[in-house]
């Protein structure tokens, strides 16, 4: 390492100290919150029947891990989320490509897409249950319904922003619309596709949980509804914590893929 | 000798909902094989439109454009086109960027690949073949874009202000560079530019277009007393200044 001047050393020290401080503060905030919650529950400041407590949640967690029922619920929710995510990605890209290929069709469909996208998708869930039955398929469709319209709109908008001069380059080289798509539009949209995927995974999870609320016998959404109806609020809170972890994990995986893919 | 390109009485209008704009009016000229022609004119007069017509991107409303007796079609393999920027694709290596045209035309023949190898070698891009475009200087990128165009062995090259995105210093060097390469490869070319010195330094003839609707105001043949004609050397030629003044005055009428 080259010799650093005193001022540079001091600057680096300040930068590192700030980074360190932020990390420590985050951890303390989390631990402080847990501690306050636990103490309040034990001292009777809050009603532990409604608000539960971290230790109670932990015990419930261990019990459900031991009898393995928890893994079924987590597994089902994860599977439904991933399946609806994969379908959303393929269907989303496919539809956006179709719209890009037929600008007339996209102009005709535009208002419908906008309406469907702004519609609160949870409103569709009861309908889906009636139409498709209370099964895993319905929940996967519910997951897709939350993510699909937004991703079609975002992808199509991105596709259309491909540099017109680059498209002209393809045409001057004798290329067709298909060459424009495969050589310019899709490769230049890789960052967009990845960022849309990052948003989608979270949205699919939302849709799946909504679906499980109304039409499931298994899954974390079912656990939440069942827990709230039978006043086992520890179950509800535990499920929410697990959902946080799942959401974070899925996001982190896609974030990792995105950073790896953007090497140029 | 027969001309490579014959343009006769070409006119064109733009149509929008708010009305019709006449862009080109009654343009006629010939281009001989091996000739370098520059087209100058006030901005927005329709210089680029003329190139789009010549490469067959869209048909002329009136008049005819013939290249060796056949009208050019969209994406005509006889014509190479260089745009204002190099438009190298960031997600491809330099080599794969150069292959783009051959890929599209499905012409990755051993003969054409060998021609690319030869050009990579001659023009100092050989060691950059696996580099990304962002790792190259503006001049090198422009060279890569030129090789991408030349790889298809076009008979006619259209240059649409290919140096306008470069800073002045690079611009002089790159135009000198590209000028030499085109001379060496014996290419027929049409250069569209708004830079008078660039036009004189590179071209055998300069066509001056009027303001919109553009017609040919004047054709100026550039004749110089130089032993070796390179774009940079021309800028120091004794006749350079008088040509500059002549074209400047003509253009100034439309400013």
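The values are calculated or read from the model by the stated rules, or taken from the named source; none is laboratory data. Owing to the predicted nature of the structure, the values given are computational and were not obtained by experimental measurement. When we count neighbours, we look across all protein chains shown, and the Cβ atoms used for this are built from the backbone with ideal geometry, even at glycine.
Take the conditions out of contact with any strand residue (DSSP E or B) (no Cβ under 6 Å at 6 or more places or on another chain), in contact (Cβ under 8 Å) with a residue 12 or more places away in the chain and in a helix (DSSP H, G or I) and apply them to residue A:110. Does it pass? Considered against the rule, which asks whether it is out of contact with any strand residue (DSSP E or B) (no Cβ under 6 Å at 6 or more places or on another chain), in contact (Cβ under 8 Å) with a residue 12 or more places away in the chain and in a helix (DSSP H, G or I), residue A:110 comes out as no. Being on the phi < 0 side of the Ramachandran plot and surrounded by fewer than 16 Cβ atoms within 10 Å (Cβ to Cβ): is that true of residue B:239 here? It is true that residue B:239 is on the phi < 0 side of the Ramachandran plot and surrounded by fewer than 16 Cβ atoms within 10 Å (Cβ to Cβ).
Select from region B:65-81 the residues that are facing chain A (nearest Cβ under 10 Å) and buried (at least 17 other Cβ atoms within 10 Å of the Cβ) and write down the one among them that is nearest to the chain's Cα centre (by Cα).
Filtering region B:65-81 for residues facing chain A (nearest Cβ under 10 Å) gives B:73-77, B:79-81.
The next check asks that each one be buried (at least 17 other Cβ atoms within 10 Å of the Cβ); those that pass are B:75-76, B:79-81.
Details: B:75: 16, B:76: 15, B:79: 11, B:80: 9, B:81: 7 Å.
Across region B:65-81, the extreme among qualifying residues is B:81.
Answer yes if at least one residue in region B:82-93 is part of a loop (DSSP other than H, G, I, E, B), at positive phi and facing chain A (nearest Cβ under 9 Å), and no otherwise. There is at least one residue in region B:82-93 that is part of a loop (DSSP other than H, G, I, E, B), at positive phi and facing chain A (nearest Cβ under 9 Å). Of all the criteria given as (1) under 30 Å from residue B:124 (Cα atoms); (2) in contact with a helix residue (DSSP H, G or I) (Cβ under 8 Å, 6 or more places away or on another chain); (3) assigned to a helix (DSSP H, G or I), the one not satisfied by residue B:233 is (2). Of the residues that make up region A:179-193, is at least one more than 14 Å from chain B (Cβ to nearest Cβ) and farther than 30 Å from residue B:78 by Cα? Among the residues of region A:179-193, not one is more than 14 Å from chain B (Cβ to nearest Cβ) and farther than 30 Å from residue B:78 by Cα, which makes the answer no. Give just the number: which of (1) out of contact with any strand residue (DSSP E or B) (no Cβ under 7 Å at 6 or more places or on another chain); (2) surrounded by 18 or more Cβ atoms within 10 Å (Cβ to Cβ); (3) more than 10 Å from every other protein chain (Cβ to nearest Cβ) does residue B:114 not satisfy? The failed condition is (2).
For region B:155-204, give me each residue that is surrounded by fewer than 22 Cβ atoms within 10 Å (Cβ to Cβ), part of a helix (DSSP H, G or I) and touching a strand residue (DSSP E or B) at 6+ places or on another chain (Cβ under 7 Å). B:182, B:196 - these are the residues of region B:155-204 that are surrounded by fewer than 22 Cβ atoms within 10 Å (Cβ to Cβ), part of a helix (DSSP H, G or I) and touching a strand residue (DSSP E or B) at 6+ places or on another chain (Cβ under 7 Å). Only residues that are crowded, with 20+ Cβ neighbours inside 10 Å, more than 16 Å from the chain's Cα centre (by Cα) and within 17 Å of residue A:221 (Cα to Cα) were counted across region A:137-159, and they come to 1.
Among the criteria (1) in a helix (DSSP H, G or I); (2) in contact with a helix residue (DSSP H, G or I) (Cβ under 6 Å, 6 or more places away or on another chain); (3) away from chain A (no Cβ under 14 Å), the one residue B:121 does not fulfil is (2).
Restricted to region A:45-90, and to residues there that are without any contact (Cβ under 8 Å) to a residue 60 or more places away in the chain and within 30 Å of residue A:177 (Cβ to Cβ), the residue that is surrounded by the most Cβ atoms within 10 Å (Cβ to Cβ) is A:87. Taken over region B:97-111, the criterion of being within 8 Å of chain A (Cβ to nearest Cβ) and touching a residue at least 12 places away in the same chain (Cβ under 8 Å) is satisfied by B:100, B:101, B:105.
Selection over region B:46-64 of residues that are away from chain A (no Cβ under 14 Å) and under 17 Å from the mean Cα position of the chain (by Cα) gives a count of 3.
Examine region B:94-106 for a residue that is within 30 Å of residue B:3 (Cβ to Cβ), modelled with pLDDT of 90 or more and assigned to a loop (DSSP other than H, G, I, E, B), and state whether such a residue exists. Checking region B:94-106: at least one residue is within 30 Å of residue B:3 (Cβ to Cβ), modelled with pLDDT of 90 or more and assigned to a loop (DSSP other than H, G, I, E, B).
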